[in-house]
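Peer 1: My structure is below; once you've seen it, I'll send some questions.
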Amino acid sequence: MHEKNTVTGRLRPYHLLYSVVLFAVLVLFSTVIQDRLLFKTDLFTLGRFFVYLSWLVFAVFLVPLVVVHWLASSPAWLGLSRILERIVLFLLSYGFIVNLIDNKYVWRADVAWQLLIVNLVAVAVAVVIVRISAADPTVADRLGAGSALVATAGLIALVTFLVVPLFFAGESGPARDNVVLIVVDSLPTHEIVEYGPGPEGSQQSLADLAEHFLLFDGVYTNHTHTYGFYDTLFSGSLAGCVGGRDNLISLLQDAGVRTRWIACHLNATPDSHAAKNYSGFRSSVVNHRLSWLPRLMGLDYNLCRNAEARDGLVVHWLGRTARRIAPRRSSFAEDILAEVRQLRGAGGPFFLMVHAFPSFEKSPERELWNDLVPVGGGGAAEKAIRGADYRYGPETEKTISGWREDRRKTIALGFETLGDVMHRFVEEGWFEDTVVILTADHGHILDRGKAFYGFHKDEEVARVPFVVFDGETTGRDTRLGETIDVTATLLGLFGVEERLDPEARSLLGPPDKDEAHSLTRYAPTRDEQFVSFYRRDVGAIVKYSLDLRNPDTWVRARVEGGVELDHEWFRFERGESIAEAFNATVARYMGPNGHVQPRTPQSP
């Protein structure tokens, strides 16, 4: 009796469309079970993506589905349909459970066994759900009865998300130019000869990239680590992303600018911060290898080039296996140029952000931001340096010297990629309407007992390059600037007058700023955290630094060419102008998120 009431006994032509939709859902959930970014995609974009994907699958699998339709009445199909029902239910249950607990356990996990436990728990619960549901013979019945409703909803979604947007394509706001922003992860100014000549052969030259460029001498990162930099860049505020409707991406899209964001890890994506209220497809699994898919769909998108281990070991291992089986056939430069070419062909102003490690994937990188990825070259020495708040002693100097040479070679490889990009821009004449900006999220230090970045207030870490290439402008600008000004500059290039921070100024227009600020991460071992305050005094930059854990002690230094001179320890008296300015800066950094002081001494 039950067999006549199953899907096989009640199959109708509209089940074909339902099968395609179900298959698309199955593929999505089975491949991006722990893809945090996908599930943060706005509903409008996600709806269009589902509709497009369903019809793409329909076109590819039309013939096999018709064959299945013909065989649906055979006895063999009855057992197979029951198996498929259980597989679909298991994958849906597992995907939902993993993503439900992902933020609390998976994302914050710092060792592999925690990820393994989460996955095992999700599998066990999903198996229980499947066993309970399989015991009810009417499950398949209900799936069949809902097919007509699903098919109708699919047609409505097709019109809403596919047809209607076509009538609004090509509309734009007051934007005038296209902008390509290249953010190199951990590129210090002292590695670039134009910022201060070093030993011969130890630095790279901007002159090798382009004949004309505008260099800014006094730009500082507001946060000396990647996450803080992007918090500030997206929000345009010293306190980082504090919610609300407006952020860098949403304001650009409101002005009719198409946006794309290609990052090397999740810290550089808007959705790892509070900038979620914008349109566009986001994924850490649908990376540059599959970027043709959202591009074909006409979607804005934010992709990661590689899935991180902490985003799900299954997805991470699958990605690594795919890279071994099918190695990259295109360089990073070719990927950037392909994006620019496609965006230009689509019409309308665009903003493309490229986040890359210094070598642009031409050599293995030390992924300091991900403790689950084995770090090479340092072993126990690097682990000890991490545990000492990125400090090292004389016994490690040999290892540090090797790292310095590795860094030099790595940045040289990256400049080769940048050179390929810039030279193609000149050949294609793209500089006529497109500006390329080169900057960094923070610097890097391997000197004076300090390593890497994050916990250090030194110029090598806080001062970052900011270079504008437009094919014709040549010059040097000595004004002070900071990350919030980078955001203001990007908005200004597209004619957006709104400021996300009242103190922000475009670096490409008046007036000049008199102040800049930089905040380090909290160093738990040393119990210290520094705010640096830069002011111009009679043409020279004076840097005031304060350890927030020891507020009675200040350091004043004159800065020339990225080097601190004339250190002076002193104590400010209450009511002095610098002390008041410091208090105002700390208050701006605090904001609702309380970035400055850790909640407990153990956690920043």
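Throughout, read-outs are computed from the coordinates displayed, never taken from laboratory work. Please read all numbers here as calculations on a predicted model, not as lab measurements. All Cβ positions, even for glycine, are placed from backbone atoms using ideal geometry, and neighbour counts span all protein chains on display.
Peer 1: Can you spot the lysines whose alpha carbon is less than 16 Å from Lys513's alpha carbon? Ignore those fewer than 8 places along the same chain.
Peer 2: Partners found: Lys543.
Peer 1: Here is a follow-up. Whole-Hz Karplus ³J(HN,Hα) for the range 423-431, in order, using 6.51 cos²θ - 1.76 cosθ + 1.60 and θ = phi - 60°, x for Gly and Pro?
Peer 2: 5, 5, 4, 5, 4, 7, x, 6, 5
Peer 1: Using a cut-off of under 17 Å, list every residue of the range 247-288 whose amide N is near the label point 7 Å from the Cα of Phe44 along the Cα-to-beta-carbon line.
Peer 2: 247-260, 276-282
Peer 1: Sticking with this structure for a sec: Tell me whether the range 477-559 comes out rounded, prolate or oblate; compute the Cα gyration tensor, take square roots of the eigenvalues as a ≥ b ≥ c, and use a/c under 1.5 as the rounded threshold. Intermediate results must be reported in sequence, preceding the final value.
Peer 2: Values: a/c = 3.38, a/b = 1.70, b/c = 1.99.
Here the range 477-559 falls in the oblate category.
Peer 1: Separate question: Can you classify the range 225-301 as rounded, prolate or oblate using the Cα gyration tensor, where a ≥ b ≥ c are the square roots of its eigenvalues, rounded means a/c under 1.5, and otherwise it's prolate if a/b beats b/c and oblate if not?
Peer 2: oblate
Peer 1: Next question. How big is the equivalent ellipsoid of the range 382-492 along its three axes, where each semi-axis is √(5λ) from the Cα gyration tensor, reported in whole Å from largest to smallest? Before the final figure, lay out the partial values.
Peer 2: Values: eigenvalues 229, 68, 21 Å².
Semi-axis lengths for the range 382-492 are 34, 18, 10 Å.
Peer 1: Continuing with this model, one more query. Would you kindly state how much longer the chain becomes between Asp512 and Arg341 on full extension, computed as 0.36 nm times their sequence separation minus their alpha carbon distance, in nm to one decimal?
Peer 2: Values: separation 171, 0.36 × 171 = 61.56 nm, distance 3.48 nm.
Additional length available on full extension: 58.1 nm.
Peer 1: Here is a follow-up. Give a residue-ordered list of calculated ³J(HN,Hα) values for the range 223-237 (Karplus: 6.51 cos²θ - 1.76 cosθ + 1.60, θ = phi - 60°; whole Hz; x for Gly, Pro).
Peer 2: 9, 8, 9, 4, 4, x, 4, 6, 3, 6, 4, 5, 7, x, 10
Peer 1: Right, here's the next one. Counting only residues 5 or more places away or on other chains, whose amide H sits under 5 Å from the amide H of Arg479 once H atoms are built in the peptide plane?
Peer 2: Amide H to amide H, under 5 Å and 5 or more residues apart or across chains, Arg479 pairs with Asp217, Gly218.
Peer 1: For a footprinting-style exposure proxy, rank Asp185, Asp433 by other Cβ within 10 Å, fewest first.
Peer 2: Least to most surrounded, the residues fall as Asp433, Asp185.
Peer 1: Mind ordering 544-556, 409-421 by average Cβ neighbours within 10 Å, highest first?
Peer 2: Numbers: 544-556: 16.5, 409-421: 19.8.
Order by mean packing, descending: 409-421, 544-556.
Peer 1: Near Lys409, which lysines are there with a Cα under 20 Å away, not counting those fewer than 8 places off in the same chain?
Peer 2: Partners within reach: Lys362, Lys398.
Peer 1: Beta carbons within 10 angstrom, averaged per residue: use that to sort the peptides 397-406, 255-264, 481-490, 209-218, highest first.
Peer 2: 481-490, 255-264, 209-218, 397-406
Peer 1: Amide H to amide H, which residues 5 or more places from Thr269 or on other chains are under 5 Å from it, using H placed in the peptide plane?
Peer 2: Close amide H contacts, sequence-distant or interchain: none at all.
Peer 1: Sticking with the crude label model, points 7 Å out along Cα→Cβ, report the distance from Ala579 to Leu290 in nm, one decimal please.
Peer 2: 5.9
Peer 1: Another question, if that's okay. Given 0.36 nm per residue, what is the gain on full extension from Val121 to Asp566 after removing their alpha carbon distance, in nm? Don't skip to the answer; put the middle values down first.
Peer 2: On the way: separation 445, 0.36 × 445 = 160.20 nm, distance 5.92 nm.
Contour length minus Cα-Cα distance gives 154.3 nm.
Peer 1: Right, here's the next one. Based on the Cβ-Cβ distance from Asn277 to Ser202, what FRET efficiency comes out when R0 is 56 Å, to the nearest 0.05?
Peer 2: On the way: r = 45 Å, r/R0 = 0.80.
The computed FRET efficiency comes out at 0.80.
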